Amino acid sequence: MTEQDLNVIVATDCGSTTTKAILIERTDEGYRQTFRGEAPTTVEAPFEDVTRGVLNALTELEELSGRRILDGERIITPAHDNEGVDIYISTSSAGGGLQMMVAGVVKSMTAESAQRAALGAGAIVMDVLASNDQRAPHEKIERIRTLRPDMVLLSGGTDGGTVRHVVELAEFLAAANPRPRLGASFMLPIVYAGNKDAQAAIKETLGDKAELHITDNLRPVLERENLAPARDEIHDLFLKHVMAQAPGYKKLMSWVGAPIMPTPAAVGDLIQHVAQSRGLNIVGVDIGGATTDIFSDFLAPPPKGEPAGEGQRVFNRSVSANLGMSYSISNVLAETGLANIMRWLPFDMDEADLRDRIKNKMIRPTTVPHLLEELKIEQAIAREALRLAFEQHKQLAVGLKGVQRGRTISESFDESSSGDTLITMADLDVLVGSGGVLSHAPRRSQAMMMLIDAFGPQGITRLCVDSIFMMPHLGVLAQIHEAAAIEVFEHDCLIYLGTCVSPMGKVKAGGRCFEYALTVDGQTRNGAVAAGEIVLEPLTVGQVATVRLEPARGVDLGDGRGRAIEAEVIGGVVGVVFDGRGRPLEIPQDNRSETLTRWAQALDAYPA
Amino acid sequence: MAHTYTPGLRVTERTTVRKERRLPIAGKVIVEQGAAVRAEDVVARAELPGDVATVNVVNQLAIMPGDLARYMVKAEGDTVAKDEVIAETRPFLKFLRSAARSPIDGTVETISHVTGQVLLRTAPRPVDVRAYIDGVVAEVVPGEGVIVETTGAFIQGILGIGGEVTGELTTVADSPDVVIAPSDLSDDLAGKLVVAGALITSEVYARAGQLGIAALICGGFHDRDLRELLGYDLGVAITGHEDVQPILIMTEGFGKITMAQATFDLLSAHAGQRASANGATQIRAGVLRPEIIIPAAESTAGEKVQAPAAPAGLMEGAAVRIIRQPDFGRLGVVKALPPGIEAIESEVKVRVVQIEFSDGKVVTVPRANVEAIES
């Protein structure tokens with residue numbers, strides 16, 4: 001079937017709790033997402049068949065759209081008149097998604113590259129093993145034995161380098177004799193993507209103990225990563241082994257018109273497609289109940305000595321496996337500490353009471369905040385979960401470590417080195433948030449505040465939320481029809497919140513931060529932003545304005561300290577937020593309640 | 001979506017409980033189908049592979065991996081004693097001889113000619129699986145384990161800490177809303193499963209530990225006390241592996257919360273009987289709740305009591321518990337289920353339910369914030 005034949009597309013995302021179905025149709029205005037249905041996922045007992053949930057979600061879609069999609073338990077294809085669809089596609093994260101263990105020789109080099117490959121393939125990385133990770137051999141073996149991954153990615157050594165260390169890791173794997181999480185009678189799939197000279201020894205060591213798959217070295221030379229072959233092999237094995245073991249997936253695989261993708265891999269692919277086709281630096285976040293995924297696609301700076309604009313686009317994904325808003329909410333508290341959560345609360349609260357409330361949300365994860373005070377507590381925790389997840393992402397999204405570079409004397413004084421994060425907030429064009437706490441916040445300005453507070457965008461940054469979490473569906477659609485996926489993404493998936501304008505670095509409280517002149521439709525609105533304050537200017541969805549910014553002395557809005565800039569800003573359901581609070585954001589603790597209340601009022605974030 | 005409320009915890013006077021007792025690796029089942037078992041009886045046994053120790057022989061002897069075979073004294077599969085020589089050089093001058101020795105008692109598992117590493121493994125460790133509940137062996141899965149079945153009372157808690165225990169059930173609280181003091185616990189409670197009221201304080205927990213109490217069952221517990229007890233913040237609700245005594249089972253949640261009357265009454269009615277309890281909890285897909293199982297004294301075999309069908313949803317007149325502020329922990333009955341979506345105080349738009357308390361007060365709460373009380 002060609003792209004031209006795709007007029008009606010139905011896509012599902014089988015999540016751990018909910019299966020979400022969307023209908024995409026070609027209209028006079030292009031591809032549009034038209035209807036949405038959902039039903040509980042049915043991977044667990046008593047159903048133990050994922051297709052039940054899919055059929056239920058499709059039935060709801062039929063009821064809402066009036067289009068007949070099912071003939072009994074068969075999806076009608078192709079579409080004609082008001083019946084059937086041209087293709088059915090799906091993603092899945094049910095049953096815990098894809099859980100992997102990765103291993104490499106040097107923790108900061110091949111092990112880190114292996115981690116990036118597994119994460120990029122949509123996996124949750126359970127542990128990263130390395131020859132130099134400070135653990136004794138018996139501790140490594142015990143760890144491998146106790147984990148029950150779906151598969152293992154083994155790497156190590158550059159091509160032509162030493163084979164000994166990577167074979168040693170294979171020996172540990174063989175001694176531990178790990179078993180896969182699903183299907184106890186199957187051998188554990190192991191992907192080897194290390195030094196090609198070690199392939200024979202790896203075969204000899206692991207050949208009869210695991211289902212070994214050998215692919216190209218993911219770090220053939222120190223200066224270059226080659227993650228795609230390992231990532232593709234992981235996807236194939238995910239379908240053949242992990243999916244095939246999960247209840248009902250064999251049937252589901254026979255229904256789809258394109259391979260089922262792990263949900264995060266689909267979201268990542270979509271973000272890559274959009275970033276690369278539009279030439280934008282994007283950060284996307286999905287904060288769920290149990291985990292928080294962050295995706296970024298950035299133009300990496302060119303190597304020293306090469307002209308600007310010659311850099312490569314680099315995609316990264318990180319998973320903070322235990323940062324989330326329900327199952328993992330208590331872990332946010334454990335990781336950040338009570339004080340960091342309390343600092344976002346515009347009222348005083350007994351610490352023991354706050355602890356008990358957070359734990360009660362953990363044990364009853366489906367409850368919703370009834371009181372305004374409870375909503376504020378959840379949004380305070382969300383800020384910390386997002387902040388921590390972003391910190392972890394920045395540590396992973398780095399340049400390759402161990403690369404030798406020639407340095408001039410001036411560069412030696414510069415703090416930058418190989419291994420610097422690629423995420424420079426001043427270069428970020430678009431920040432996309434998704435997940436219940438952001439997408440379903442009662443007021444959109446709350447989502448905007450949470451994103452600004454947690455990520456601290458600098459300069460001029462556009463902010464959006466995913467309306468109903470359809471990025472997974474669009475990611476898998478992008479595999480077969482990229483243009484349709486991007487069209488729906490821009491028109492129906494994103495809710496444009498607006499633009500944030502913020503200085504880089506700290507500002508002196510009390511003084512002037514910057515002045516602005518916002519011109520839209522020939523009308524100019526002038527205003528001033530005091531240091532430590534926020535000003536909101538309305539600018540609706542689709543409106544484009546030019547803004548001239550005059551920073552105070554010492555304040556940098558992107559073009560150097562005290563230098564005025566002129567730029568284009570795009571509106572949204574919230575508007576343009578002129579944020580004079582400086583970076584990193586500091587909350588004055590002596591008048592915390594008052595300050596937080598004032599900031600919230602500036603955006604009309606909460607009812608009076 | 002149909003799933004707009006939280007399914008409740010089971011609290012039932014009589015049901016058939018089946019417990020899968022599985023070995024972690026293949027082994028041997030040592031009871032037969034139909035056999036009567038006590039909770040303490042071993043029903044299956046296996047041998048876990050021993051720990052691995054590594055000796056980097058090539059480094060120790062300063063030789064090349066390819067030459068390792070010439071220097072090995074032991075072969076793969078040989079048994080070795082601690083400090084026994086496994087490889088050595090044989091130079092012309094004896095005082096230049098160097099040797100690699102075994103750090104453990106065990107066997108030689110592999111000798112690598114690529115890395116020069118020798119892996120040794122200690123003797124296998126036996127692992128026993130016990131019946132956990134008094135009952136009969138309903139099914140045997142050869143080489144893997146058994147299913148033990150019993151009929152009796154079954155009570156689920158919301159969160160527990162610690163693993164499996166068995167002992168006599170007893171009550172020290174007069175009513176489900178009291179907070180007991182350390183002085184309410186006496187020496188004769190050692191080894192027992194003790195039902196308290198609305199809250200266990202850290203002082204009461206410490207006293208219970210001194211007395212050798214096996215389990216404490218209560219409405220609530222403060223998180224700050226749990227942190228002190230565990231030595232860390234419980235990040236995700238996956239428990240059961242904690243080495244604590246007594247084990248702790250909360251029936252309602254964190255904080256001081258009156259135990260549901262039905263739970264308290266059922267536990268009190270069975271005081272003096274033998275019961276098994278497990279604090280293991282997992283609140284994710286495949287949810288696992290802590291439990292108390294009280295096998296009926298008169299019959300543990302044959303009788304099958306059907307578990308009630310899963311509730312179809314919230315219905316007018318159904319007994320429910322509110323599980324979020326305000327009114328967290330209060331019990332009531334469903335008065336009405338307004339159709340459509342309403343905005344609540346937080347401005348969140350949700351489907352709601354009207355709940356009537358015993359004092360006649362009616363409140364409107366999100367359906368997601370009530371829990372059915374199941375029996």
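Rundown of residues vs (1) more than 25 Å from A:THR421 (Cβ to Cβ); (2) of a type in the set (A, V, I, L, M), yes/no style:
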position	(1), (2)
A:ASN195	yes, no
A:HIS235	yes, no
A:ALA246	yes, yes
A:MET253	yes, yes
A:VAL267	no, yes
A:VAL274	no, yes
A:LEU280	no, yes
A:THR291	no, no
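Scanning region B:335-361 for residues that are open to solvent by 60 Å² or more (accessible area, probe 1.4 Å), under 22 Å from A:ARG444 (Cβ atoms) and part of a strand (DSSP E or B) gives B:GLU342, B:ALA343, B:LYS349.
In the set (1) part of a helix (DSSP H, G or I); (2) at pLDDT 90 or above; (3) open to solvent by less than 30 Å² (accessible area, probe 1.4 Å), A:ILE141 fails one condition alone, (2).
The set of residues in region A:466-486 that are surrounded by 20 or more Cβ atoms within 10 Å (Cβ to Cβ) and part of a helix (DSSP H, G or I) comprises A:MET471, A:PRO472, A:HIS473, A:LEU474, A:GLY475, A:VAL476, A:LEU477, A:ALA478, A:ALA484, A:ALA485, A:ILE486. Somewhere in region A:228-238, is a residue under 30 Å from A:THR366 (Cβ atoms) and either touching a residue at least 60 places away in the same chain (Cβ under 8 Å) or basic (Lys, Arg) (or both)? The answer is yes, given that some residue of region A:228-238 is under 30 Å from A:THR366 (Cβ atoms) and either touching a residue at least 60 places away in the same chain (Cβ under 8 Å) or basic (Lys, Arg) (or both).
If only residues of region B:223-261 that are assigned to a loop (DSSP other than H, G, I, E, B) and in contact with an Asp or Glu (Cβ under 6 Å, 6 or more places away or on another chain) are counted, the one that is farthest from the other protein chains (Cβ to nearest Cβ) is B:THR258.
Just checking, how many residues over region A:96-105 are open to solvent by 10 Å² or more (accessible area, probe 1.4 Å) and at pLDDT below 90? I'd like the intermediate steps shown before the answer.
Residues of region A:96-105 that are open to solvent by 10 Å² or more (accessible area, probe 1.4 Å), as a first pass: A:96-97, A:99, A:105.
Then keep just the ones that are at pLDDT below 90; that gives A:96-97, A:99.
The total comes to 3.
Residue by residue through region A:144-153, note down the ones that are farther than 17 Å from A:VAL106 by Cα and surrounded by 15 or more Cβ atoms within 10 Å (Cβ to Cβ). If the condition is that a residue be farther than 17 Å from A:VAL106 by Cα and surrounded by 15 or more Cβ atoms within 10 Å (Cβ to Cβ), then A:ILE144, A:ARG145, A:LEU147, A:ARG148, A:PRO149, A:ASP150, A:MET151 are the ones that fit. For the residues B:LEU68, B:LEU23, the requirement of being open to solvent by less than 50 Å² (accessible area, probe 1.4 Å), within 14 Å of another protein chain (Cβ to nearest Cβ) and in contact with a Lys or Arg (Cβ under 8 Å, 6 or more places away or on another chain) singles out B:LEU23.
Please go through region B:362-374 and give me each residue that is in a strand (DSSP E or B) and either open to solvent by less than 10 Å² (accessible area, probe 1.4 Å) or free of Cβ contacts under 8 Å to residues at least 12 places away in the same chain (or both), ordered by number.
Looking only at region B:362-374, we keep the residues that are in a strand (DSSP E or B), and these are B:362-366, B:370-372, B:374.
The answer is B:VAL365, B:PRO366, B:VAL370, B:GLU371.
Please find, among A:SER108, A:SER93, the residue that is touching a residue at least 60 places away in the same chain (Cβ under 8 Å) and open to solvent by 40 Å² or more (accessible area, probe 1.4 Å).
Details: A:SER93 fails: open to solvent by 40 Å² or more (accessible area, probe 1.4 Å).
Among A:SER108, A:SER93, only A:SER108 is touching a residue at least 60 places away in the same chain (Cβ under 8 Å) and open to solvent by 40 Å² or more (accessible area, probe 1.4 Å).
Looking at B:ILE217, B:ILE213 in this structure, which one is within 24 Å of B:THR12 (Cα to Cα) and within 18 Å of the chain's Cα centre (by Cα)?
Numbers: B:ILE213 fails: within 24 Å of B:THR12 (Cα to Cα).
Being within 24 Å of B:THR12 (Cα to Cα) and within 18 Å of the chain's Cα centre (by Cα) holds for just one of B:ILE217, B:ILE213, which is B:ILE217.
Only one entry of A:THR91, A:THR77 meets the criterion of being under 24 Å from A:LEU270 (Cβ atoms), of a type in the set (Val, Ile, Thr) and under 17 Å from the mean Cα position of the chain (by Cα), and that entry is A:THR91.
If you take the residues of region A:17-38 that are within 14 Å of chain B (Cβ to nearest Cβ) and more than 21 Å from A:THR77 (Cβ to Cβ), which of them is least open to solvent (accessible area, probe 1.4 Å)?
Here is the first cut: in region A:17-38, the residues within 14 Å of chain B (Cβ to nearest Cβ) are A:17-21, A:36-38.
Going one step further and asking which of them are more than 21 Å from A:THR77 (Cβ to Cβ), we end up with A:17-18, A:38.
On the way: A:THR17: 82, A:THR18: 25, A:GLU38: 41 Å².
Per the stated criteria, the residue is A:THR18.
Close Cβ contacts (under 8 Å, 6 or more residues apart or on different chains) running from residues in region B:105-120 that are at the interface with chain A (Cβ under 7 Å from one of its Cβ atoms) to residues that are in a loop (DSSP other than H, G, I, E, B) and not acidic (Asp, Glu) comprise B:VAL114/A:VAL163; B:LEU119/B:SER112.
Residues that are buried (at least 21 other Cβ atoms within 10 Å of the Cβ) and among the β-branched types (Val, Ile, Thr) within region A:52-67 comprise just one, A:VAL54.
Against the definition (of a type in the set (Ser, Thr, Tyr), more than 8 Å from chain B (Cβ to nearest Cβ) and farther than 17 Å from A:PRO607 by Cα), how does A:THR366 come out, yes or no? Give the steps one after another, and end with the answer.
Working: of a type in the set (Ser, Thr, Tyr): yes; more than 8 Å from chain B (Cβ to nearest Cβ): no; farther than 17 Å from A:PRO607 by Cα: yes.
For A:THR366, the condition - of a type in the set (Ser, Thr, Tyr), more than 8 Å from chain B (Cβ to nearest Cβ) and farther than 17 Å from A:PRO607 by Cα - is not met.
The set of residues in region B:198-222 that are in contact with a strand residue (DSSP E or B) (Cβ under 6 Å, 6 or more places away or on another chain), not aromatic (Phe, Trp, Tyr) and not in a helix (DSSP H, G or I) comprises B:ALA198, B:LEU199, B:ILE200, B:ILE213, B:ALA214, B:ALA215, B:LEU216, B:ILE217, B:CYS218, B:GLY219, B:GLY220.
Yes or no: A:SER65 away from chain B (no Cβ under 14 Å) and in contact (Cβ under 8 Å) with a residue 12 or more places away in the chain? Considered against the rule, which asks whether it is away from chain B (no Cβ under 14 Å) and in contact (Cβ under 8 Å) with a residue 12 or more places away in the chain, A:SER65 comes out as yes. Residues that are in a strand (DSSP E or B), on the phi < 0 side of the Ramachandran plot and polar (S, T, N, Q) are absent from region A:533-544. Tally the residues that are open to solvent by 10 Å² or more (accessible area, probe 1.4 Å), over 11 Å from A:SER131 (Cβ atoms) and not β-branched (Val, Ile, Thr), restricting the search to region A:154-173. So the answer is 4. Considering region B:34-129, the qualifying strands (runs of 3 or more DSSP E), each wholly inside and each with 3 or more residues that are of a type in the set (A, V, I, L, M, F, W, C), run over B:42-48, B:52-56, B:85-88, B:117-121. Please find, among A:VAL529, A:VAL555, A:VAL541, the residue that is open to solvent by 60 Å² or more (accessible area, probe 1.4 Å) and in contact (Cβ under 8 Å) with a residue 40 or more places away in the chain. Answer to the check: A:VAL541. For A:THR2, the criteria (1) more than 13 Å from chain B (Cβ to nearest Cβ); (2) out of contact with any Pro (no Cβ under 8 Å at 6 or more places or on another chain); (3) open to solvent by less than 20 Å² (accessible area, probe 1.4 Å) hold in every case but one, which is (3). Each residue in region A:558-598 was checked for being in contact with a helix residue (DSSP H, G or I) (Cβ under 7 Å, 6 or more places away or on another chain) and open to solvent by 10 Å² or more (accessible area, probe 1.4 Å), and 6 pass.
Being modelled with pLDDT under 90 and either open to solvent by 50 Å² or more (accessible area, probe 1.4 Å) or away from chain B (no Cβ under 14 Å) (or both) is the requirement here; does A:ARG405 meet it? Let's see the steps before the verdict.
Details: modelled with pLDDT under 90: yes; either open to solvent by 50 Å² or more (accessible area, probe 1.4 Å) or away from chain B (no Cβ under 14 Å) (or both): yes.
For A:ARG405, the condition - modelled with pLDDT under 90 and either open to solvent by 50 Å² or more (accessible area, probe 1.4 Å) or away from chain B (no Cβ under 14 Å) (or both) - is met.
Scan region A:331-379 for residues that are charged (D, E, K, R), assigned to a loop (DSSP other than H, G, I, E, B) and open to solvent by less than 30 Å² (accessible area, probe 1.4 Å) and jot them down. Answer for region A:331-379, where residues must be charged (D, E, K, R), assigned to a loop (DSSP other than H, G, I, E, B) and open to solvent by less than 30 Å² (accessible area, probe 1.4 Å): just A:ARG364.
Of the residues that make up region A:291-308, is at least one among the hydrophobic types (A, V, I, L, M, F, W, C), more than 13 Å from chain B (Cβ to nearest Cβ), open to solvent by less than 20 Å² (accessible area, probe 1.4 Å) and touching a Ser or Thr at 6+ places or on another chain (Cβ under 7 Å)? Walk me through how you get there before you give the answer.
The initial filter retains those residues of region A:291-308 that are among the hydrophobic types (A, V, I, L, M, F, W, C), namely A:294-295, A:298-300, A:308.
Filter once more, so that each one left must be more than 13 Å from chain B (Cβ to nearest Cβ): A:294-295, A:298-300, A:308.
From the residues that got through so far, the ones that are open to solvent by less than 20 Å² (accessible area, probe 1.4 Å) too are A:294-295, A:298, A:300.
Keeping just the survivors that are touching a Ser or Thr at 6+ places or on another chain (Cβ under 7 Å) gives A:294.
Yes.
The values are calculated or read from the model by the stated rules, or taken from the named source; none is laboratory data. Note that the structure is a prediction, hence the values are computed from the model and not measured. Because the Cβ atoms are built from the backbone with ideal geometry, glycine has one as well, and the counts that use them run over all protein chains shown. We work out accessible area using only protein heavy atoms, side chains counted, and drop any ligands, DNA or RNA first. Shrake-Rupley method; radii C 1.70, N 1.55, O 1.52, S 1.80 Å.
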